[in-house]
Each structure stands twice: as C-alpha cells, then as structure tokens.
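Trainee: Can you keep this structure in mind? I'll have questions shortly.
The values are calculated or read from the model by the stated rules, or taken from the named source; none is laboratory data. Keep in mind the model is a prediction, meaning the values are calculated, not measured. Methodologically, a virtual Cβ is constructed for each residue, glycine included, from the backbone with ideal geometry; neighbour enumeration extends over all protein chains shown.
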C-alpha cells in the first residue's frame with residue numbers, strides 16, 4: 001500500500017514538473033508560428049511540421065539535458081569551461097535578450113495586442129497599453145517574489161487552464177475542418193519544406209531561452225526534495241514528457257493553419273491567422289477567448305523569464321539581492337513593452353541570429369565532452385569557430401543601413417558564396433563541427449603528450 005502511494009506521488013510530481021517546464025517556454029511565438037507555418041506549407045504541412053519540431057522541440061530538450069547532465073547551477077556555470085569572461089558576457093547577453101530587452105516585453109506586448117487592444121477605442125490605445133503592461137508585470141513580480149510557489153502557480157494552475165482552452169479550439173476545429181489539406185504551398189515550401197520548417201522553428205527562441213530557464217525549474221525540483229541523480233532523472237523525464245506534449249500541440253496548430261486555407265487566404269502572420277480561425281468558429285466571442293488563451297500562455301513564460309533573470313544575475317553579482325534584480329527586470333520589461341510588438345520583434349532579430357548558433361554550440365559540447373579531462377580545449381575551439389559565422393549572420397539580418405554599407409555587403413557576399421549553408425542562415429553549422437572535431441583532436445594530443453612526459 002505504501003509503495004503504491006509513493007508511486008502515485010512520484011507520478012503526480014512528474015506531471016507537475018512537466019507542466020512547469022511546458023508552461024515556462026510555451027509562449028506566444030510557440031502558439032502563432034506553427035499556425036502560419038501550416039498556411040505556408042499547405043499540402044506539405046507534415047514534412048514542414050517535422051522540421052519545426054526539431055528546432056522548436058528537440059533543441060530545447062537538448063538544452064534542458066545540457067543543464068541537468070552538467071549539473072550546472074545556471075547559465076554561467078554551463079558556459080564557464082569556455083572562460084569566465086565569456087561565460088559572464090554570454091549570460092548577460094542571453095538574459096538581456098530573452099529578458100528585459102526583447103523576450104519578456106514581447107510577452108506583455110503580445111498579450112495586450114490580442115487580449116486588450118481589440119476592445120479599446122483608438123484614442124485610449126496608448127494609455128491602455130501602459131495600464132495593461134503595468135498590471136501584467138506587477139502580477140509577475142508578486143508571484144515571482146515567492147519562488148517556492150512558482151511550481152504551484154505555473155505547474156498546477158495557469159498551465160492547466162491554458163491547455164484546456166487550447167484543447168477546446170482543437171476539438172471544435174477538427175470536428176468541423178475549414179477545408180482539406182491539398183492546398184498549394186508557398187515558394188519556400190514547395191521544395192525543402194523540412195528545412196524551411198526547421199528555420200521557422202528558430203523564431204521560438206526556445207533553445208536559447210531554455211539554457212537560462214532550466215535553472216528555475218531545477219530549483220523548483222530541489223524544492224520537492226530531489227537531489228543529484230534523482231533530480232537528474234526526474235528533470236530528464238519531465239522535460240521529455242513536456243516536449244512530447246509540445247510536439248503534439250505543434251502538429252495540431254500546423255494542421256489548424258493548413259485546414260484554414262479552405263476558407264481563408266494566407267495571413268501576414270500567425271497571430272492574424274489564429275485570430276481569424278478562432279473568429280470563424282466562435283464569432284465575436286472568439287476574440288475574447290483567444291485573448292485569454294494567449295495571455296495565460298505568455299504570462300507563464302514571463303514568470304519563468306523574470307525569475308531566471310533575477311536568479312542568475314544575483315549569482316553573478318551577489319551583492320545585489322534577488323529581489324532587487326527582480327525589480328530591475330520587471331520595471332525594464334514594462335518600459336520596453338510599451339515600444340510596441342512590431343518594434344520589439346524587429347530589434348531582436350539580429351541579436352537572436354548571433355545567440356542561437358552560440359547556444360547550440362554550447363549545448364553540443366555540454367552533452368558530449370563536459371566530463372572529459374580536456375573538455376576545456378573542445379569548448380574553446382568550438383565556440384571560437386562559431387563566433388565568426390554567428391556575427392556574420394547577425395550582420396546579414398541587421399537593418400538595411402548596415403547590410404547595404406559596401407564593406408559589409410561585400411563581406412556577406414563572400415560569406416554566403418563560400419561557406420556551406422550560409423545563404424540559408426545555417427552558415428555556422430560546418431565551422432562549429434570543424435571546431436568541435438579539431439578541439440577533440442588537439443585535446444587528445446595534449447593528453448597523450450602530458451602522459452608521455454609524466455612517464456618519462
């Protein structure tokens with residue numbers, strides 16, 4: 001009897017932690033990008049969805065495992081083998097990007113645009129946005145001040161409501177589909193739909209965000225009494241379960257977009273597409289329904305972002321308290337959110353093109369060589385070979401005033417012509433693998449030389 005009770009207790013904790021992980025990184029981008037993908041891919045929706053699942057789900061799972069396997073207590077610890085200065089710089093860049101500069105403000109800006117703006121007169125739009133974002137980040141601050149209650153708020157309540165509302169949309173839409181699945185895909189998806197889906201999945205930013213967010217739910221799992229191997233095992237299981245659920249949701253959203261072409265034309269973005277789809281099924285009530293759905297989704301993400309920012313910055317700068325850093329990120333996010341969603345997205349793209357390759361390179365070495373005696377050499381060379389193409393990808397996605405400057409334009413032309421996959425935005429891939437293999441070779445030779453010297 002006691003064993004059965006313990007098994008049930010462990011299973012319940014697994015579900016709660018899985019829900020916490022899912023709720024922290026499934027935000028507005030995860031909701032709207034797959035819908036637009038389905039519209040663009042048309043009859044090739046399945047292969048495009050597979051590509052999206054790799055970058056939008058598999059990469060974030062690997063990020064979770066990288067933190068757990070290396071037993072890192074934050075992003076700084078994870079990147080420290082590259083060098084202390086690099087680790088500090090990388091932590092700051094990642095947290096500023098997914099935190100108060102771009103990621104966290106985007107959650108509130110998206111919620112306002114879809115949940116409040118449609119119901120406000122145009123004359124009240126600006127004042128309404130300031131009021132909405134103030135309440136949004138005020139609540140996020142109040143909940144995040146109680147770290148022990150985070151798993152209760154996100155894992156047990158908010159995320160359960162979010163998934164229930166999303167399930168209602170799926171049931172109604174699939175019971176009465178808007179059309180078939182034989183629609184002509186856009187040019188990018190007529191051939192190589194899987195690659196296009198893979199690149200579309202980058203927009204979720206989850207592989208970058210999970211490197212920072214992982215420390216938050218690791219602390220939450222420790223609060224349940226799990227440590228060392230038990231913590232690793234539970235987090236790995238919960239992360240896998242969360243990713244499986246996310247893949248199913250992604251495929252449902254892609255199908256939703258693909259079906260919609262029977263009644264709708266291709267939308268400008270996934271937010272507009274989802275709004276029209278929900279409006280088709282639920283009429284005027286659909287707008288309010290979608291607003292609640294999106295707000296719940298992005299609020300759970302905002303909670304994870306502000307909490308992990310405060311935790312990691314308190315560790316990097318311990319003289320400043322957790323609560324002080326929490327105030328910094330919530331106030332800064334509130335101010336940036338009022339710049340508007342379009343501006344936030346436009347400003348973030350170049351920075352994300354820099355950070356994504358560096359994050360994936362860090363995940364690669366963390367999962368493979370972290371415990372090797374010469375791991376430091378592999379870390380350093382892998383990142384060194386990744387930095388240059390990552391910077392070039394950042395330049396290629398910068399505003400026209402940068403890309404049209406003659407020296408930059410010439411450099412990018414050579415880069416896109418010479419480096420494999422660079423024209424697709426994957427120019428970092430081959431150099432990263434070269435640096436990784438070279439690092440293993442150099443490290444091995446050094447280890448052999450050191451043993452030979454010791455024997456002599």
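Trainee: Among the residues of the stretch 261-274, which ones are surrounded by fewer than 22 Cβ atoms within 10 Å (Cβ to Cβ) and in contact (Cβ under 8 Å) with a residue 12 or more places away in the chain? Before the answer, list the steps.
Mentor: Looking only at the stretch 261-274, we keep the residues that are surrounded by fewer than 22 Cβ atoms within 10 Å (Cβ to Cβ), and these are 262-269, 272.
Scanning the stretch 261-274 gives 262, 263, 264, 266, 267, 269.
Trainee: Hey, any hits in the stretch 390-410 for a residue that's part of a helix (DSSP H, G or I) and over 28 Å from residue 343 (Cβ atoms)? Let's see the steps before the verdict.
Mentor: Initially, the stretch 390-410 is screened for residues part of a helix (DSSP H, G or I), giving 390-396, 400-403, 406-410.
When the remaining residues are screened for being over 28 Å from residue 343 (Cβ atoms), the result is 410.
Looking through the stretch 390-410, at least one residue is part of a helix (DSSP H, G or I) and over 28 Å from residue 343 (Cβ atoms).
Trainee: Can we say residue 325 is farther than 30 Å from residue 447 by Cα and free of Cβ contacts under 8 Å to residues at least 12 places away in the same chain? Outline the logic, then answer.
Mentor: On the way: farther than 30 Å from residue 447 by Cα: yes; free of Cβ contacts under 8 Å to residues at least 12 places away in the same chain: no.
In short, no.
Trainee: Looking at the stretch 238-279, which of the residues that are outside any loop (DSSP other than H, G, I, E, B) and out of contact with any helix residue (DSSP H, G or I) (no Cβ under 8 Å at 6 or more places or on another chain) is modelled with the highest pLDDT? Outline the logic, then answer.
Mentor: First pass over the stretch 238-279, keeping only residues outside any loop (DSSP other than H, G, I, E, B): 238-260, 270-279.
If we keep only those that are out of contact with any helix residue (DSSP H, G or I) (no Cβ under 8 Å at 6 or more places or on another chain) too, we end up with 244, 248, 272.
Working: 244: 87, 248: 91, 272: 74.
Within the stretch 238-279, the match that is modelled with the highest pLDDT is 248.
Yes or no, residue by residue, for (1) touching a helix residue (DSSP H, G or I) at 6+ places or on another chain (Cβ under 6 Å); (2) within 15 Å of residue 100 (Cβ to Cβ); (3) outside any helix (DSSP H, G or I):
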| site | (1), (2), (3) |
| --- | --- |
| 306 | yes, yes, no |
| 312 | yes, yes, no |
| 333 | yes, yes, no |
| 345 | no, no, no |
| 358 | yes, no, no |
| 363 | yes, no, no |
| 370 | no, no, yes |
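Trainee: Since residue 108 meets every condition but one in (1) modelled with pLDDT of 80 or more; (2) under 12 Å from the mean Cα position of the chain (by Cα), which condition does it not meet?
Mentor: Checking residue 108 against (1) modelled with pLDDT of 80 or more; (2) under 12 Å from the mean Cα position of the chain (by Cα), the one that fails is (2).
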